[in-house]
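Visitor: Pasting a structure below so you can have a look.
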Amino acid sequence: MDDTATVSAADIARLAGVRRAAVSNWRRRHDDFPRPVGGTASSPLFSLPAVQAWLSSRGRPVELAPIDRAWQRLRALGDDLDLGERVADAGDYLAHAGERPDDDPELLTLLTEVATTRGAAWTFEQLCERYFEAHARRVSPTPPAYASLMVRLAGANGTTVLDPACGFGTLLLEAGQAHHVQGQDSDPTTARIAALRLRLHGTDTEIHVGDSLREDAFAGQQADVVLCDPPFNERAWGHEELVGDPRWEYGLPPRGESELAWVQHCLARVKPGGTVAILMPGAAAGRRSGKRIRANLLRAGALRAVLTLAPGTDLWLLTRPAAGSRAPATVLLAETTVDDAEALWRQPAENGTSVLDLLDDDVDLTPAQRRTAQEDPGQAFLAAQRLFGRVGLDLPPLLPTGEEPPHTTIGELVKVGALEIHHTPARAGDGDEPVLTLDDVLADRGPTGYAAPDDAAVIAREGDVIASVTGAVKVHSGPPTRLGAALSLYRVDPAHLDAEFLAGCLRAADFPVHSASTRIDARRLKVPRYPLAEQRAYGAAFRALAEFDRALRETAEIGRDLVRLGFAALAEGRLRPGA
């Protein structure tokens with residue numbers, strides 16, 4: 001094995017049979033975990049022999065499978081800037097088994113060994129998968145679950161399928177049962193990898209290099225189905241040079257609406273009656289700049305569905321109107337999942353929204369915006385009423401003491417060892433390690449943020465108190481969790497200090513003392529001096545009061561909905577005055 005071979009965190013996770021987060025935890029918790037030897041702060045590389053030795057010392061010995069040895073050899077033949085070209089070269093060898101003078105004999109031997117036992121297509125897919133992981137920040141293949149859904153909804157089997165922004169060919173590969181697939185991508189290496197993936201799977205393929213909007217390789221042709229996962233938020237898509245293009249049947253796309261250019265390009269390249277399935281950013285359904293085009297798509301009957309599959313990601317389903325066909329009266333707008341979307345699509349009229357109702361001043365097709373508008377306000381009122389009645393509002397019994405107890409301070413508790421305080425930096429670098437954010441503390445939920453790995457990260461354990469600069473406080477429960485930026489951790493000695501008691505005192509103070517860096521400086525905060533048993537009683541009262549606050553806020557929110565729905569339902573005649 002090459003002593004200079006390196007592996008990424010994703011490689012380590014795959015070799016050890018664990019999740020990527022486990023590797024991040026190993027780096028954080030074990031001082032002897034191998035240090036990075038290359039890469040970047042957000043995508044570090046580690047010595048493969050050092051990682052293998054470390055795993056072996058922990059009872060996790062790993063041997064590289066032949067495909068991993070091939071990948072390591074391929075990656076070692078140059079820098080990562082041209083890794084995609086080397087992956088494509090490997091695919092070319094697997095597809096044609098033809099050596100060139102500059103090919104590496106060791107790599108060819110490894111590739112031949114794997115392909116002989118597992119097949120050329122499998123071998124190349126494994127190399128591509130590792131390449132996608134290595135460049136996860138620069139390449140973004142369509143998620144396989146989305147690709148499968150789009151093919152099913154578009155009915156792409158047994159037809160001619162076009163993807164005008166095919167990337168690495170994931171959508172076309174999913175539609176592999178089609179008679180003929182066509183694709184185009186502006187990046188030569190990406191298009192080459194797509195063509196090789198499809199060819200190795202035995203798919204009848206035609207892939208071209210070029211920008212489909214400016215240099216359409218399929219001009220004048222029409223496919224049965226068009227699938228597309230176009231680039232988002234591109235301002236230099238050709239607005240000025242493509243003014244007057246015949247593809248803009250529904251209106252000239254605004255400069256900042258490249259996605260609506262892709263929608264119309266796809267419609268222009270599908271046969272009348274054919275289906276277009278295109279992934280879109282959530283904002284495209286409601287931006288004011290695109291309302292004219294959305295309205296024209298609705299009036300023509302071209303837009304059939306907008307399905308929100310994840311926050312910020314919608315799937316638009318369109319049909320090119322056939323001559324003499326009637327535009328449908330409804331369009332399907334729904335927040336759904338990959339598993340449930342197909343059932344909704346099979347009954348669009350039953351689940352649809354009236355097109356006439358959508359043709360207002362905004363033509364907002366955002367599914368979340370229509371959710372409340374579609375519900376029966378009378379039934380919604382009754383549901384809110386039932387929910388209002390279920391919210392608990394039990395204020396804990398509290399009694400006056402008539403005297404002020406002796407106090408200590410947070411600073412004194414730190415000095416005597418009853419408490420440790422750890423602050424996180426004001427900012428954290430981008431990365432893929434889960435972290436608890438300030439908003440997570442405010443919402444009392446699990447981590448939703450991400451940051452770059454950091455050996456000095458602050459990790460909250462069971463019973464630690466977490467505080468934000470906005471005054472939100474919580475006692476951590478559950479597995480160890482890394483804290484994100486602008487948070488403070490208070491770790492108590494449970495033999496001397498109760499965590500719930502401390503959390504209540506911190507919350508009561510509302511953090512009036514801050515340092516210049518906005519970190520919470522609570523060392524001067526006064527804390528009542530009670531025996532541990534009495535602290536626990538106070539801690540239980542603090543916790544009950546926090547629950548009362550949560551229920552009160554929830555009740556206020558439901559109450560506002562109750563009043564709104566009551567007015568709406570009475571005005572529409574969906575509710576009547578009771579006896």
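Visitor: Can you list residue pairs whose Cβ atoms sit under 8 Å apart, with the first residue in region 425-447 being outside the structural domain of G478 (by TED's automatic domain parsing) and the second being surrounded by fewer than 19 Cβ atoms within 10 Å (Cβ to Cβ) and at pLDDT 75 or above? Count only pairs 6 or more apart in sequence or on different chains.
Guide: Every condition considered, no pair remains.
Visitor: Consider region 83-124. How many of its residues are part of a helix (DSSP H, G or I), among the basic types (K, R) and either buried (at least 19 other Cβ atoms within 10 Å of the Cβ) or modelled with pLDDT under 90 (or both)?
Guide: Narrowing region 83-124 to residues part of a helix (DSSP H, G or I): 83-96, 105-118, 120-124.
Next, from what is left, pick out any that are among the basic types (K, R): 86, 118.
Filter again for either buried (at least 19 other Cβ atoms within 10 Å of the Cβ) or modelled with pLDDT under 90 (or both), leaving 86.
Qualifying residue count, region 83-124: 1.
Visitor: When the residues of region 110-158 are narrowed to those that are among the charged types (D, E, K, R) and touching a residue at least 40 places away in the same chain (Cβ under 8 Å), which ends up nearest to L317 (Cα to Cα)? Spell out the reasoning first.
Guide: So the first thing to find is which residues in region 110-158 are among the charged types (D, E, K, R), and the list is 113, 118, 125, 129-130, 133, 137-138, 152.
Now narrow it down to the ones that are touching a residue at least 40 places away in the same chain (Cβ under 8 Å): 113, 118, 125, 130, 133, 137, 152.
Values: E113: 44, R118: 37, E125: 29, R130: 32, E133: 30, R137: 28, R152: 12 Å.
Top of the filtered list is R152.
Visitor: When you scan region 311-343, how many residues do you find that are within 21 Å of L267 (Cβ to Cβ) and of a type in the set (D, E, K, R)?
Guide: 3
Visitor: Select from region 179-196 the residues that are in contact (Cβ under 8 Å) with a residue 40 or more places away in the chain and either buried (at least 24 other Cβ atoms within 10 Å of the Cβ) or more than 15 Å from F218 (Cβ to Cβ) (or both) and list them in ascending order. Steps first, please.
Guide: Applying the first criterion (in contact (Cβ under 8 Å) with a residue 40 or more places away in the chain) to region 179-196 yields 182, 189-190, 192-193, 196.
Answer for region 179-196, where residues must be in contact (Cβ under 8 Å) with a residue 40 or more places away in the chain and either buried (at least 24 other Cβ atoms within 10 Å of the Cβ) or more than 15 Å from F218 (Cβ to Cβ) (or both): T189, T190, R192, I193, L196.
Visitor: Looking only at region 473-489, which residues are surrounded by fewer than 19 Cβ atoms within 10 Å (Cβ to Cβ) and aliphatic (A, V, I, L, M)? Break it down into steps so the answer makes sense when it comes.
Guide: Within region 473-489, the first condition is being surrounded by fewer than 19 Cβ atoms within 10 Å (Cβ to Cβ), and the residues that meet it are 477-480, 485.
Within region 473-489, just A485 meets the criteria.
Visitor: So, L81, is that one in the same structural domain as R130 (by TED's automatic domain parsing), touching a residue at least 40 places away in the same chain (Cβ under 8 Å) and of a type in the set (A, V, I, L, M) or not? Walk me through it before giving the result.
Guide: Working: in the same structural domain as R130 (by TED's automatic domain parsing): yes; touching a residue at least 40 places away in the same chain (Cβ under 8 Å): no; of a type in the set (A, V, I, L, M): yes.
The answer is no for L81.
Visitor: Being at pLDDT 95 or above and either buried (at least 24 other Cβ atoms within 10 Å of the Cβ) or over 20 Å from I278 (Cβ atoms) (or both) narrows it down to one of D163, D211, so name that one.
Guide: Working: D211 fails: either buried (at least 24 other Cβ atoms within 10 Å of the Cβ) or over 20 Å from I278 (Cβ atoms) (or both).
Being at pLDDT 95 or above and either buried (at least 24 other Cβ atoms within 10 Å of the Cβ) or over 20 Å from I278 (Cβ atoms) (or both) holds for just one of D163, D211, which is D163.
Visitor: Criterion first (within 25 Å of T319 (Cα to Cα), modelled with pLDDT under 95 and among the aliphatic types (A, V, I, L, M)) does A217 satisfy it? Can you show your working first?
Guide: Working: within 25 Å of T319 (Cα to Cα): yes; modelled with pLDDT under 95: no; among the aliphatic types (A, V, I, L, M): yes.
Judged against the criteria, A217 is not a match.
Visitor: Could you grab me the full set of residues in region 454-471 that are assigned to a loop (DSSP other than H, G, I, E, B) and either surrounded by 21 or more Cβ atoms within 10 Å (Cβ to Cβ) or hydroxyl-bearing (S, T, Y) (or both)? Can you show your working first?
Guide: The initial filter retains those residues of region 454-471 that are assigned to a loop (DSSP other than H, G, I, E, B), namely 454-458, 461-464, 469-471.
Within region 454-471, V458, D464, T470 meet the criteria.
Visitor: Quick check: anything in region 37-49 under 19 Å from G431 (Cα atoms), surrounded by fewer than 21 Cβ atoms within 10 Å (Cβ to Cβ), hydroxyl-bearing (S, T, Y) and free of Cβ contacts under 8 Å to residues at least 12 places away in the same chain?
Guide: Scanning region 37-49 turns up at least one residue that is under 19 Å from G431 (Cα atoms), surrounded by fewer than 21 Cβ atoms within 10 Å (Cβ to Cβ), hydroxyl-bearing (S, T, Y) and free of Cβ contacts under 8 Å to residues at least 12 places away in the same chain.
Visitor: Is it the case that some residue within region 219-229 is among the β-branched types (V, I, T) and either crowded, with 24+ Cβ neighbours inside 10 Å or under 16 Å from A300 (Cβ atoms) (or both)?
Guide: Keep residues of region 219-229 that are among the β-branched types (V, I, T), which gives 225-226.
From what's left, either crowded, with 24+ Cβ neighbours inside 10 Å or under 16 Å from A300 (Cβ atoms) (or both): 225-226.
Yes, the conditions are met somewhere in region 219-229.
Visitor: Looking at D362, D340, which is the one that is acidic (D, E) and closer than 17 Å to Y250 by Cα?
Guide: Working: D340 fails: closer than 17 Å to Y250 by Cα.
Every option except D362 fails the conditions.
Visitor: Right, something else. Scan region 448-486 for residues that are touching a strand residue (DSSP E or B) at 6+ places or on another chain (Cβ under 8 Å), more than 30 Å from S8 (Cα to Cα), in contact (Cβ under 8 Å) with a residue 24 or more places away in the chain and not polar (S, T, N, Q) and jot them down.
Guide: G463, D464, V465, I466, A467, V469, V473, K474, V475
Visitor: Just one of R304, R370, R386, R326 is crowded, with 19+ Cβ neighbours inside 10 Å and modelled with pLDDT under 90; which is it? Please lay out each step first, then the result.
Guide: Numbers: R304 fails: modelled with pLDDT under 90; R386 fails: crowded, with 19+ Cβ neighbours inside 10 Å; R326 fails: crowded, with 19+ Cβ neighbours inside 10 Å.
Only one candidate qualifies: R370.
A quick yes/no check of all residues on (1) touching a helix residue (DSSP H, G or I) at 6+ places or on another chain (Cβ under 7 Å); (2) among the aliphatic types (A, V, I, L, M); (3) surrounded by fewer than 23 Cβ atoms within 10 Å (Cβ to Cβ):
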| site | (1), (2), (3) |
| --- | --- |
| A236 | no, yes, yes |
| H239 | no, no, yes |
| L242 | no, yes, yes |
| Q264 | no, no, no |
| I278 | yes, yes, no |
| G282 | no, no, yes |
| R287 | no, no, yes |
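The values are calculated or read from the model by the stated rules, or taken from the named source; none is laboratory data. Please read all numbers here as calculations on a predicted model, not as lab measurements. Cβ coordinates were reconstructed from backbone atoms using ideal geometry, including for glycine residues, and neighbour counts include every protein chain displayed.
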